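One structure below.
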Number of protein chains: 2
Amino acid sequence: MNLLPMLEPIREDLEAVEARMRSAVQETYEPLSSALTAVVGSGGKRLRPALVVLAARLHRWDERPVISLAAAVELLHTATLIHDDTIDEATIRRGSKTLNATWSRAATILAGDFMFARAAALAAETSNTRVASIFANTLMTICQGELRQMLSLYDWRGPRADYYARIYSKTASLFAAAAEAGAVLGHAPEERVQLLRSYGQHLGMAFQIMDDILDFVGDERQMGKPVGSDLRQGIATLPVYHYLQSGGDAALVDAALGRGLPDGASRAQAVNELVAAVVSSPAIEACREEARGFVREAARDVSSLADGCYGRALLELADFVVERET
Amino acid sequence: MNLLPMLEPIREDLEAVEARMRSAVQETYEPLSSALTAVVGSGGKRLRPALVVLAARLHRWDERPVISLAAAVELLHTATLIHDDTIDEATIRRGSKTLNATWSRAATILAGDFMFARAAALAAETSNTRVASIFANTLMTICQGELRQMLSLYDWRGPRADYYARIYSKTASLFAAAAEAGAVLGHAPEERVQLLRSYGQHLGMAFQIMDDILDFVGDERQMGKPVGSDLRQGIATLPVYHYLQSGGDAALVDAALGRGLPDGASRAQAVNELVAAVVSSPAIEACREEARGFVREAARDVSSLADGCYGRALLELADFVVERET
């Protein structure tokens, strides 16, 4: 496990989460068990389980349900990645072959369904009905957001609020749920449950904005995918909004998103041109400033909890999110 | 609602379940809400919600959680049908267009995911952790069974026990879960919870065997699909096992399943020939006898509960399952 330095105080907890995730997907038959073990083992920063653990560690520590829930949250995230890869027909993620690179699409869908179910079963193991409810409702939010994106209900000509709604559904909702449910399992007072939920949500918003920035300025080798992938999927993210706001070329945006492309024009070329234009505009810095704004909110949420090592970890995690390069 | 006559004593409960299902899928945006309302409204016999309600009605009646769970179980079933139709590329179900006949495959996958999540959220509304756990574990069993079938881990040359394992995963597990969870919500004594679970499981086995028989002898117009559809999907069901046991032609089975087809031979013709051969063999009657055997077990499970109108409904439901023609 590649542990982020500020998560050192919960290293053993996160190792227990890894073990729980592995054993959860191994409780089935071959070749499903090997395939899912490989998916689970291909890594990730484990930020969501860390939020569960830290929110609980700040209060009363009850290992079994917290570890189960942390594993459930990460498996849920992994299940959404499996379905995303099926939908995008992606064959590589985190430098490893995706499941649908080797399995049929139908089998991959079912493997994702199984992982959702496995995650829900782990959440049920907490024997906490509020947590089971948070879990199911977050999955609904994520699916609704994905569908909304797919049904092209987001339009860059629409209000920028749509962008925030989309990244809330896609990312911040699960960060918020992780921190909230961890606090619930720690028997935190309701006021602190809400503060931690708010922290998770702000952190998730900042995280996704940084992701969207990295899709323009990231190192392709470190990211494991080419820049401009959102544009190629027809999705305009925050850098595009800021680019337009600073006087960018709306026709170029349309062309890159594959709409109203003039005869003979190349969309791939439009994507490259738009990426270059956005990167050399003030848009990226404006986005970073927005991400830093969300991180400041996150830090404010937990300022009253930041005494001990777990509270400090939450603060450092917030800083990390806007400084990361992959 | 087309109510089966023996379910008359719980008509109002089942109407409440319909209303709960409709409101559950309407709590989202368009066009998802209309699409799912249409899927939910296209009918079905509502056997699974009836099991939940009857098992609870036999004990203490607590309307809210029971109606939520009954709706959750039927939505879970409906979600599996959405993914099945995506996988099979089916465009018609129950005489109506399927979701994937009009939506993209990717959107259909996500709509199914949303319905799983919605179902899990309804199950969580029961505030009963045992029920949430039964629910999640059943979804796991269903997914594992589907995958096992898809990965061709079932082979008609293998033990017949594989067939029973398959129909348990696919059908009987959810019937069992419905009756068990209904009894749990009715605060039934543990012994009766287990009897009702067993009843549901036996009923589900009989139900699926009848489904597999109807795939050979059913009226195509009433069924809304041609006979032999399992064979065309490469799946050998119980009638095939019995056909072979009574001296049937193994080469014809292989050909119908699309394996080792001789040069120039038509698989479609092999399917038609095999269907005709099975129907005129003693196989169908042998299968019916097996289904009746499961139904007798089901009746035995609830014989001690069969005094009142709810117990009688369980007995009559068992008879119905082996007499139905669609």
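Quick notes
- Residue count for the stretch B:138-157, restricted to those that are in contact (Cβ under 8 Å) with a residue 40 or more places away in the chain and either closer than 13 Å to A:Pro31 by Cα or not charged (D, E, K, R) (or both): 8
- Evaluation of A:Ala90 against the conditions (1) away from chain B (no Cβ under 11 Å); (2) in a helix (DSSP H, G or I); (3) aliphatic (A, V, I, L, M) shows that the sole unmet condition is (2).
- Residue in the stretch B:192-209 that is in contact with a His (Cβ under 8 Å, 6 or more places away or on another chain) and of a type in the set (Gly, Ala, Ser) present: no
- Residue match in the stretch B:71-79 (condition: buried (at least 24 other Cβ atoms within 10 Å of the Cβ) and farther than 25 Å from B:Asp211 by Cα): no
- Summed over the stretch B:94-123, the residues that are surrounded by fewer than 22 Cβ atoms within 10 Å (Cβ to Cβ) and either facing another protein chain (nearest Cβ under 9 Å) or in a strand (DSSP E or B) (or both) give a count of 7.
- Among (1) within 16 Å of the chain's Cα centre (by Cα); (2) closer than 26 Å to B:Ser229 by Cα; (3) more than 9 Å from chain A (Cβ to nearest Cβ); (4) in contact (Cβ under 8 Å) with a residue 60 or more places away in the chain - the single one B:Ala177 does not satisfy: (2)
- Taking the criterion of being part of a helix (DSSP H, G or I) and among the small types (Gly, Ala, Ser), the residues of the stretch B:269-293 that qualify are B:Ala270, B:Ala276, B:Ala277, B:Ala283, B:Ala286, B:Ala291, B:Gly293.
- Reported count of residues in the stretch A:124-146, each being at the interface with chain B (Cβ under 7 Å from one of its Cβ atoms), of a type in the set (Ser, Thr, Tyr) and buried (at least 24 other Cβ atoms within 10 Å of the Cβ), is 0.
- Scanning the stretch A:58-66 for any residue that is part of a helix (DSSP H, G or I), closer than 21 Å to A:Asn137 by Cα and more than 22 Å from the chain's Cα centre (by Cα) turns up at least one such residue.
- You will find that of A:Ala79, A:Ala38, the residue that is part of a helix (DSSP H, G or I) and under 15 Å from the mean Cα position of the chain (by Cα) is A:Ala79 and no other.
- Given (1) part of a loop (DSSP other than H, G, I, E, B); (2) modelled with pLDDT of 90 or more, index of the condition A:Leu252 fails: (1)
- Tally, over the stretch B:1-22, of residues that are part of a helix (DSSP H, G or I), under 19 Å from B:Ser96 (Cα atoms) and touching an Asp or Glu at 6+ places or on another chain (Cβ under 8 Å): 1
- Residue within the stretch B:148-161 that is within 19 Å of the chain's Cα centre (by Cα), assigned to a helix (DSSP H, G or I), at pLDDT 90 or above and buried (at least 20 other Cβ atoms within 10 Å of the Cβ) present: no
- Yes/no for A:Val25 being more than 14 Å from chain B (Cβ to nearest Cβ), in a helix (DSSP H, G or I) and more than 17 Å from the chain's Cα centre (by Cα): no
- Selection status of A:Leu174, more than 25 Å from A:Val275 (Cα to Cα) and either out of contact with any Cys (no Cβ under 6 Å at 6 or more places or on another chain) or assigned to a helix (DSSP H, G or I) (or both): yes
- Hits in the stretch A:234-248 (condition: within 14 Å of A:Ala270 (Cβ to Cβ) and either within 22 Å of the chain's Cα centre (by Cα) or not aromatic (Phe, Trp, Tyr) (or both)): A:Gly234, A:Ala236, A:Val240, A:Gly248
The values are calculated or read from the model by the stated rules, or taken from the named source; none is laboratory data. Model, not experiment: these values are computed from the prediction. Positions of Cβ are backbone-derived with ideal geometry, glycine not excepted, and every protein chain shown enters the neighbour counts.
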